[in-house]
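The values are calculated or read from the model by the stated rules, or taken from the named source; none is laboratory data. What you see is a predicted model, and the numbers here were worked out from it, not measured in a lab. What goes into the accessible areas is simple: the full protein's heavy atoms, side chains included, and nothing from ligands, DNA or RNA. Shrake-Rupley method; radii C 1.70, N 1.55, O 1.52, S 1.80 Å.
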Amino acid sequence: MPDTNTFPAEAESASAAAGLMAMPGNIDPMPVPRPTLVEGVTPREDGRTDLLGLPKKRIAELFESAGLDAKAAKLRAKQVYHWLYHRGVTDFDAMTDIAKTMRPWLAERYVVGRPEIVEAQHSSDGTRKWLLRTADAHDFEMVFIPDAGRGTLCVSSQVGCTLNCRFCHTGTMRLVRNLTVGEIVGQVMLARDALGEWPKSAQDTRFAGTSGLDDDDGEGDYTSEGRLLTNIVMMGMGEPLYNFDNVRDALKLVMDGDGLALSKRRITLSTSGVIPQMARCGEEIGVNLAVSLHAVTKDVRDEIVPINKKYGIEDLLQACADYPRASNARRITFEYVMLRDKNDSDADARELVRLLRKYDLPAKVNLIPFNPWPGAPYECSTPERIRAFSEIVFQGGISAPVRTPRGRDIDAACGQLKTAAEKKSRAEIDRLLAEKDAAMLAAAE
Ligand code: SAH
Ligand code: SF4
């Protein structure tokens, strides 16, 4: 069980990035220009710095260290930040309020990146899934689920997951590294690119409150009217509270009225129950909380959500009761995956009600039919059992809707986010990449 945010893969790539890798053999080292190392920024081969994921202050610091005076650096950072996060512009030439002479200065030193798209899939029910790749060739996924009146983007926080919940496909992945701030916010930005949802101008009426004035907490809001992407859930690959700093910084960019301007009321972070980080989530970002409870007895939760051996059910529920900002208007969601003959009895349902009442939790329960995957050790409960379970919880005064699985035909449903890359052979991936390159070349001609 990890209790640190640093993973070997990350440490390895960090040392490689810092140029500490030994030179093989007796070859004289070639004088290759080393990219400038900037804290929190992955260096690029071409020596330019990717601004994606940086807050306004860091951008200003970069501009100043590259030679602008403090006042100019602050102004340019404000302009670039707005274009980057609010308007989705990646080309400095399109930043029309920046002097024409200044734009080449920016383009020589900086880029605005996006995670690379390896594959995009569309389900027959409208769900869309993207297989994405980091600059150091790790694959992860994001999923968009359109629904009546809302569209939810399911965002990943890690490549793989160090926790091994037994019903979750992601938990079987060996490779794990934390996603960076840019890779996390980059998912939301890619989704806006794909859905064509950047405001066309500063006056775009579909955006409201970008000054932050209509939001009780001083953050921006983004009207759902006429929009596809209205909500974000941190429910993709990984445990967001094991990568809290990066998740927090990415969500701050998402919530900033001059950034992506999506209200925290539309953002939900899901955790398997990393108790020590839960309060920080409420205090530092104040997003909605979802907790993957899945069982009501120690034996069963120890088996299916092994982090329970470290942070038990009662302590978890107490942490939920203490979660800052939880209220009847902002209830905590408890996720409960329905596993046949494992956690789905009437007695389990009654115990769930008792526990949620005991801690006086403003709660709703999401009953998730188990999404099977090859080799999974469980089966989904029968529809009758799920209905009976839901009814008992509902009779106990707690709403317990049954979630309809989405995107099953493209393996996009909960727990199926194990990368296609693992299922595909290396040769297949290379072929796909070659095809993509060829298509891009053809388009460029
Ligand atoms: N690590 C975090 C967030 C990602 S998992 C967490 O565990 O909360 C997002 C949700 O999908 C969790 O509730 C998880 O329990 C659920 N899930 C995982 N595998 C599933 C499966 N095979 N069927 C149904 N839900 C699953
Ligand atoms: Fe990790 Fe969440 Fe899957 Fe558990 S359910 S293995 S915490 S992603």
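When the residues Glu335, Glu314 are ordered by accessible surface, computed with a 1.4 Å probe over the protein chains alone, the sequence from largest down reads Glu314, Glu335.
In the range 48-143, Cα pairs under 8 Å separated by at least six residues give a relative contact order of 23 percent. When Phe167, Phe244, Phe394 are compared by accessible area at a 1.4 angstrom probe, the order from most to least is Phe394, Phe167, Phe244.
Here the average projected area of the convex hull drawn through the C-alpha atoms of the range 329-390 stands at 4.7 nm².
In sequence order, the range 176-193 has phi-based couplings of 9, 8, 5, 7, 7, 4, x, 6, 7, 5, x, 5, 5, 5, 4, 4, 5, 4 Hz under the Karplus curve 6.51 cos²θ - 1.76 cosθ + 1.60, θ = phi - 60°, and Gly or Pro positions carry x.
Taking amide H as placed 1.01 Å from N in the peptide plane, the amide H of Lys364 sits under 5 Å from that of Ile332, Thr333, Phe334, each at least 5 places away or on another chain. By the Stokes-Einstein formula, at 0.692 mPa s and 37 °C, the range 48-199 with its Kirkwood radius over alpha-carbon pairs has D equal to 191 µm²/s. Projecting the alpha carbon convex hull of the range 114-167 along each direction and taking the average yields 5.2 nm². Using only alpha carbons, the range 259-306 has a radius of gyration to Kirkwood radius ratio (Rg to Rh) of 1.11. As a size descriptor, the averaged projected area of the C-alpha convex hull of the range 285-425 was calculated at 9.7 nm².
Eigenvalues of the alpha-carbon gyration tensor of the range 62-101, scaled by 5 and square-rooted, set the equivalent ellipsoid semi-axes at 18, 11, 8 angstrom, largest first. Pairs of C-alpha atoms in the range 258-352 farther apart than 15 Å represent 62 percent of all such pairs. Close amide H contacts of Gly236 (hydrogens built in the peptide plane, cut-off under 5 Å, sequence separation of 5 or more or a different chain): Val155, Ser156, Ser157.
Take the cross-link list Lys78/Lys129; Lys264/Lys364; Lys298/Lys358 and give me the ones stretching past 25 Å between alpha-carbons. The answer is Lys78/Lys129.
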